[in-house]
Amino acid sequence: MTQALQVPTCLPRHVAIVMDGNGRWASQRHLPRLAGHKKGVDALRRAVQASIDQGVSVLTVFAFSSENWSRPAAEVAGLMDLLSLVLNREVDALDSNGVRLHFPGDRAGLSERVVQGLAAAEARTAHNQRLVLNVCFNYGGRWDIANAARRLVAEGREITEQSLSEATALSHVGDPDLLIRTGGEMRISNFLLWQTAYTELFFSPCLWPDFDASEMACALKAYAERERRFGQIGEQVQQPVGPQYA
Ligand code: FPP
């Protein structure tokens, strides 16, 4: 486990996470892959609390990708059951903790029961303001861009960078400042393709079930040390971007 780190001086407003490594965490312990996903829920709970404690405003996680349907049927069914379990068991605590839930993704592929559960959790937590938690489920970056374009065409609107951004599934929160990927792989895997144009990337070898507050602090510290230039040169960038600690 990483040692506790000093609080960074420049904080990302929006953090996105590819929660990778559940399967390997389970294999290392001779457990079924689903045991890793279940432990992943504990890690997600810790990430939510660490985000609140550190003052992050938006946390966006990749829970089930458009491509995950091609996993073994038992694993897909297990992940669907896990989502229902999370909806039944976690929403009370998240609501009390001031967390507003969103589930960006394609609902067309999901069962009626799951779709109703997602809508109910979103409605129930809609008044909360402490942290926005986007749990991307049946989400793909290419789906998001194509879906946004389809919506604009259906509405007879011009396709511009602005209108397309507004039509994407994450338009309610804006682009992530920091993307963390656990599990040691260094790729985006069809996550937030449109939204990560200028996002800072942080790759950690930590397997997702082991993720904790000190891993989050490590990523936030790395972010604080970056210079975000958005296409400008260093001399033009006067102020670090993002909210400051008092
Ligand atoms: C990727 O690890 C992880 C997933 C596909 C599932 C992520 C789900 C959770 C963290 C649990 C939270 C779930 C819900 C429904 C809120 P992997 O299985 O690809 O790991 P590997 O690369 O080690 O095989």
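Computed quantities for the displayed model
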{"item": "Axial C-alpha extent at least 15 Å, average Kyte-Doolittle at least 0.0 - helices from the chain (DSSP)", "result": "73-96, 213-224"}
{"item": "Considering only the chain, percent of DSSP beta bridges that pair antiparallel, nearest 5", "result": "5 percent"}
{"item": "Most fluctuating residue given options GLY40, GLY184, GLY21, as computed from a GNM of the chain linking Cα atoms under 10 Å", "result": "GLY184"}
{"item": "Value of relative contact order over the chain, rounded to a whole percent, pairs C-alpha under 8 Å and six or more apart", "result": "33 percent"}
{"item": "Cβ-based charge dipole, the chain, positive-most Cα from VAL41, CYS10, GLN129", "result": "VAL41"}
{"item": "The chain - mean residue ellipticity at 222 nm from DSSP helices (-39,500 (n - 2.57) per run, n ≥ 4, rounded to 500)", "result": "-13000 deg cm²/dmol"}
{"item": "Total charge dipole magnitude, the chain, about the Cα centre, Cβ charges on Lys, Arg, Asp, Glu only, Debye to nearest 20", "result": "400 debye"}
{"item": "Under DSSP loop assignment and at most 14 Cβ neighbours within 10 Å, longest GluC sites (Glu not before Pro)-free interval of the chain", "result": "1-154"}
{"item": "The range 31-70 - charge dipole about Cα centre, Lys and Arg +1 at Cβ, Asp and Glu -1, debye rounded to 20", "result": "180 debye"}
{"item": "Rg/Rh for the range 77-198, where both radii come from Cα atoms and Rh is the Kirkwood radius", "result": "0.98"}
{"item": "Residue with peak Gaussian network fluctuation, the chain [Cα springs, cutoff 10 Å], from GLN232, GLN54, GLN195", "result": "GLN232"}
{"item": "Scattering profile of the chain at q = 0.08, 0.10, 0.15 Å⁻¹ [log10 I(q)/I(0), Debye over alpha-carbon scatterers]", "result": "-0.31, -0.48, -1.12"}
{"item": "The range 1-132 shape via C-alpha gyration tensor axes, a/c threshold 1.5", "result": "oblate"}
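Quick note: the coordinates plus some simple rules give every number you see, no bench work behind them. What you see is a predicted model; the values in this text were computed from it and never measured. Here the Cβ is made from the backbone with ideal geometry for all residues, glycine too, and neighbour counts use every protein chain on show.
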